[in-house]
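The values are calculated or read from the model by the stated rules, or taken from the named source; none is laboratory data. All values derive from a computational prediction rather than experimental measurement. Using ideal geometry, Cβ is built from the backbone for each residue, glycine included, and neighbour counts are taken over all protein chains shown. Just the protein is used for accessible areas: all its heavy atoms, side chains included, with ligands, DNA and RNA removed. Shrake-Rupley method; radii C 1.70, N 1.55, O 1.52, S 1.80 Å.
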Amino acid sequence: RIPAIQGSGDASPLNGQVVTTEGVVSAVFPGLSGYYLQDDAGDGDVTSSDGIFVFAPGNSAVVGQRLRLTATVTEFNTVSELVSPNAVQVLGSGVTIAPTDIVLPEAFEGELERHEGMLVRITSPLTVSQNYFQGRYGQVTLSAEGRMEIPTNRYPAGSAEALALRDEN
């Protein structure tokens, strides 16, 4: 199952292994050459994620399909993925995944790892912190608890206060 593939740590305990799993397609991203697959039942363990990215260039997955597939587990840029999927079977369609509510900011660094690959809904108010990449990549940086400030706008560079604000940001 997907939670066993994700594991409870930063990397998959099955990295490099070929696995067969199933789940519901929660999002499709042609620009990323793949889709997200989520175990709709989950395992009840809040330390492991119920979702995973499937790298499948040219895929024909549709949101709401229940799929079974065989693929290789890998880590790409700190994200657990399934690559080179084969024997993909459509087991059903029209399945809905309920998003998991999350609150920002993180209580501790790395807390969001347990939601990696899952469909989530951020329930905290957010502030646009940067939109430089919006035109080129469609990317906007958001922050919780108001606007982030560049530490050296307020404190001398390298000071304890500037470093503390950088870490807080």
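Working note: Cα gyration tensor of region 91-169, eigenvalues times five, square-rooted, sorted largest first, giving semi-axes of 32, 16, 11 Å. Seen from residue 152, the other residues with C-beta closer than 11 Å to its C-beta sum to a net charge of 0, counting Lys and Arg as +1 and Asp and Glu as -1.
Over the Cα atoms of region 1-40, the radius of gyration divided by the Kirkwood radius equals 1.00; this is the Rg/Rh ratio.
Taking the chain as a Gaussian network of alpha-carbon nodes connected by springs under 10 Å, the highest mean-square fluctuation of the residues 25, 46, 54 belongs to 46. The length gained on full extension between residue 122 and residue 17, counted as 0.36 nm times the residue separation minus their Cα-Cα distance, comes to 34.5 nm.
Value of Rg to Rh for region 20-87, rounded to two decimals, is 0.94; Kirkwood radius and Rg both from alpha-carbon coordinates. Test of understanding: extend the Cα→C-beta vector of residue 79 to 7 Å, then name every residue of region 1-27 with backbone N under 14 Å from that spot. Only 26-27 pass the distance filter. In the chain, the portion of solvent-accessible area held by carbon and sulfur atoms comes to 52 percent [1.4 Å probe, whole percent, DNA, RNA and ligands not counted]. Probing with 1.4 Å while keeping every protein chain in the model, the per residue accessible area of the chain equals 60 Å². Taking every DSSP beta bridge that has both ends in the chain, the antiparallel portion is near 85%. Solvent-accessible surface of protein heavy atoms, probed at 1.4 angstrom with all chains present, puts 45, 39 in the order 45, 39, largest first. A DSSP coil position with no more than 13 other Cβ atoms inside 10 Å describes the following chymotrypsin sites (Phe, Trp or Tyr not before Pro) in region 1-108: 108.
What number results when the radius of gyration of the chain, computed over Cα atoms, is divided by 2.2 N^0.38 Å?
In units of the globular-protein estimate, the chain measures up at 1.19.
Each Cα pair under 8 Å and six or more residues apart adds its separation to the average, and for region 67-106 the resulting relative contact order is 38 percent.
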